[in-house]
1. Considering only residues of the range 6-16 that are open to solvent by 30 Å² or more (accessible area, probe 1.4 Å) and in a loop (DSSP other than H, G, I, E, B), which is farthest from Gln124 (Cα to Cα)?
2. Just checking, how many residues over the range 63-83 are touching an Asp or Glu at 6+ places or on another chain (Cβ under 7 Å) and surrounded by fewer than 14 Cβ atoms within 10 Å (Cβ to Cβ)?
3. Scan the range 115-137 residue by residue and report those that are buried (at least 17 other Cβ atoms within 10 Å of the Cβ) and under 19 Å from His3 (Cβ atoms).
4. Contact list please: Cβ distance under 6 Å, first residue in the range 53-75 and over 25 Å from Thr21 (Cα atoms) and among the acidic types (Asp, Glu), second residue open to solvent by less than 60 Å² (accessible area, probe 1.4 Å) and part of a helix (DSSP H, G or I), pairs at least six apart or on different chains.
5. Out of all the residues in the range 17-62, which are in contact with a strand residue (DSSP E or B) (Cβ under 7 Å, 6 or more places away or on another chain), polar (S, T, N, Q) and open to solvent by 40 Å² or more (accessible area, probe 1.4 Å)?
6. Quick one: which of Gly32, Gly112, Gly116 is under 13 Å from the mean Cα position of the chain (by Cα) and among the small types (Gly, Ala, Ser)?
7. Would you check which residues across the range 94-114 are touching a helix residue (DSSP H, G or I) at 6+ places or on another chain (Cβ under 8 Å) and surrounded by 15 or more Cβ atoms within 10 Å (Cβ to Cβ) and list them?
Amino acid sequence: MAHYQKLLKISTTGKNFQNITAKIAAAVAESGVETGLCTLFLRHTSASLVIQENADPDVLVDLANFMAKLVPESAKYIHDAEGADDMPAHIRTALTHTSEHIPINRGHLVLGTWQGIYIWEHRQRSHTRELVIHISD
């Protein structure tokens with residue numbers, strides 16, 4: 001079994017969704033793997049990975065609005081060392097994912113027509129996020 005691994009550093013722009021599908025697809029192409037599995041792991045506790053709608057941006061707005069209501073920054077939390085968005089970001093990450101697995105077929109990610117891979121930044125300010133891409137055949 002062959003393995004390929006790459007670390008990406010991705011700058012986010014504050015609370016937002018950042019489409020990273022093309023970066024992941026490029027890593028799959030670099031790996032040379034035709035049939036296998038792409039595992040993604042985000043090395044953070046205040047941002048998430050999501051596979052979501054990539055055609056209508058309203059879906060992402062609705063997701064963000066829903067999460068803001070579900071986990072409000074205005075609630076009283078014990079952990080607030082880095083500001084009002086600190087603990088809510090941790091809760092939002094716990095409710096979502098920091099890893100994803102996507103099959104590879106014929107050298108391409110097997111995503112649905114309307115699926116994109118996103119880093120969902122849960123903090124107000126920008127961060128540099130580290131994403132480990134592990135590809136195996």
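The values are calculated or read from the model by the stated rules, or taken from the named source; none is laboratory data. Everything quoted here is computed from the prediction, not taken from an experiment. Positions of Cβ are backbone-derived with ideal geometry, glycine not excepted, and every protein chain shown enters the neighbour counts. Side chains are part of the model used for accessible areas, which takes the heavy atoms of the whole protein and leaves out ligands, DNA and RNA. Shrake-Rupley method; radii C 1.70, N 1.55, O 1.52, S 1.80 Å.
1. Thr13
2. The total comes to 2.
3. Leu131, Ile133, His134, Ile135
4. Glu73/Pro88
5. Gln18, Asn19, Thr35, Gln52, Asn54
6. Gly116
7. Within the range 94-114, Ile102, Ile104, Leu109, Leu111 qualify.
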